[in-house]
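Working notes, beginning with the structure itself.
The values are calculated or read from the model by the stated rules, or taken from the named source; none is laboratory data. Every value quoted in this text rests on a predicted model; they were computed, and no experiment measured them. Please note: Cβ atoms are built from the backbone with ideal geometry, for glycine as well, and neighbour counts cover all protein chains shown.
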Amino acid sequence: MDYNNLHYEYTKGRLASNVKFILLHGWGHTLNNLKPIANELSEYDCYLIDLPGFGDSPTPDKVLSVSDYANIIKNFILNKLSSDNKVYIIGHSLGGRIALYLASLYPDIIDGIFIVSGAGLKKHKKLKDQIIIKSAKLLKSFYKLLGLDIMKSRLYKAYYNKFASSDYKNASPMMKKVLKAVVKENLSSIAKKISVPTILIYGENDITTPVYFGKKYNKFIKDSKLYILPTYNHTNILTDGKYQVSSIILNHIKD
């Protein structure tokens, strides 16, 4: 099914319930990555969404921020769901960023958020990485001073091939700009404004969104609860960890 610039799939639950789950995927993923979780929540209605620029949803014609994505999901909720529904957002990685923004900006339209390996905080950089970044900035300034375009240099291409993330390399030109805009946003201040029930679920072996992200969000968000699942990383928490994740979610919803 399609709604404006979104492609989504709707799974009708077995129970006659007003509980609705909206599942938001991570960067480089599609709604398919969240189907293992949705299948475990099959008693209730689930909406799985391809965010703009991913899966079957078209690439946006402008650079979107996290708040832009949150507004898109807000409009989806207001237009597709009833006001008497209980709406819970499940967000993985980038989807977690969006869920946090939704909870901060529009607490009246959602009843709780479940952040699975949520992104949005500044990572601790190793000294080696800090040196590489500072060197790159100095080199860029030097090229600019000489009136040269560093983007066309062999040195830049070598740097790009070695240090650019796979997410960045695999993105279209527009989505590269979106990625830059998204990762620059630190959601510390956003998190501190959240008042809706918040459950944080992180994998012990996650190096993309490390456990300390969950611990920080747990401090920032009043009355939030943090679960750290042993052995899981950023991606297999959605597959191998689906039973644990879904069990935590089901234990915290109010039908």
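Which of the residues belonging to region 1-49 are closer than 29 Å to SER166 by Cα, at pLDDT below 95 and aliphatic (A, V, I, L, M)?
Answer for region 1-49, where residues must be closer than 29 Å to SER166 by Cα, at pLDDT below 95 and aliphatic (A, V, I, L, M): just LEU6.
If I filter region 6-33 down to residues being touching a Ser or Thr at 6+ places or on another chain (Cβ under 6 Å) and closer than 18 Å to LEU78 by Cα, which single residue comes out as surrounded by the fewest Cβ atoms within 10 Å (Cβ to Cβ)?
Result: HIS7.
Just checking, does region 36-46 include any residue being small (Gly, Ala, Ser) and touching a strand residue (DSSP E or B) at 6+ places or on another chain (Cβ under 6 Å)? Give the steps one after another, and end with the answer.
Taking region 36-46 first, the residues small (Gly, Ala, Ser) are 38, 42.
If we keep only those that are touching a strand residue (DSSP E or B) at 6+ places or on another chain (Cβ under 6 Å) as well, we get 38.
Taking every residue of region 36-46 in turn, at least one turns out to be small (Gly, Ala, Ser) and touching a strand residue (DSSP E or B) at 6+ places or on another chain (Cβ under 6 Å).
So, in region 221-238, of the ones that are assigned to a loop (DSSP other than H, G, I, E, B) and of a type in the set (A, V, I, L, M), which residue ends up surrounded by the fewest Cβ atoms within 10 Å (Cβ to Cβ)?
Taking region 221-238 as the starting set, the residues that turn out to be assigned to a loop (DSSP other than H, G, I, E, B) are 221-224, 230-238.
Going one step further and asking which of them are of a type in the set (A, V, I, L, M), we end up with 221, 237-238.
Working: ILE221: 26, ILE237: 25, LEU238: 23.
Looking at residues that are assigned to a loop (DSSP other than H, G, I, E, B) and of a type in the set (A, V, I, L, M), I get LEU238.
Sort out for me the helices (runs of 4 or more DSSP H) sitting completely within region 22-130 that have 2 or more residues that are under 23 Å from ASP223 (Cα atoms) and either in the same structural domain as PRO210 (by TED's automatic domain parsing) or in contact with an Asp or Glu (Cβ under 6 Å, 6 or more places away or on another chain) (or both). Walk me through how you get there before you give the answer.
Values: elements: 35-40, 66-80, 94-105.
In region 22-130, the matching helices (runs of 4 or more DSSP H) lie at 94-105.
So that you can scan it fast, the table gives a plain yes or no per residue for (1) within 26 Å of ASP45 (Cβ to Cβ); (2) buried (at least 21 other Cβ atoms within 10 Å of the Cβ):
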residue: GLU185; (1), (2): no, no
residue: SER189; (1), (2): no, no
residue: PRO197; (1), (2): yes, no
residue: GLY203; (1), (2): no, yes
residue: TYR212; (1), (2): no, no
residue: LYS216; (1), (2): no, no
residue: LYS219; (1), (2): no, no
residue: ASP240; (1), (2): yes, no
residue: ASN251; (1), (2): yes, no
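Suppose we filter LEU100, LEU81, LEU105, LEU94 for residues that are out of contact with any strand residue (DSSP E or B) (no Cβ under 9 Å at 6 or more places or on another chain) and either in contact (Cβ under 8 Å) with a residue 12 or more places away in the chain or over 21 Å from LYS180 (Cβ atoms) (or both); which single one remains?
Numbers: LEU100 fails: out of contact with any strand residue (DSSP E or B) (no Cβ under 9 Å at 6 or more places or on another chain); LEU81 fails: out of contact with any strand residue (DSSP E or B) (no Cβ under 9 Å at 6 or more places or on another chain); LEU94 fails: out of contact with any strand residue (DSSP E or B) (no Cβ under 9 Å at 6 or more places or on another chain).
That would be LEU105, the only listed residue that is out of contact with any strand residue (DSSP E or B) (no Cβ under 9 Å at 6 or more places or on another chain) and either in contact (Cβ under 8 Å) with a residue 12 or more places away in the chain or over 21 Å from LYS180 (Cβ atoms) (or both).
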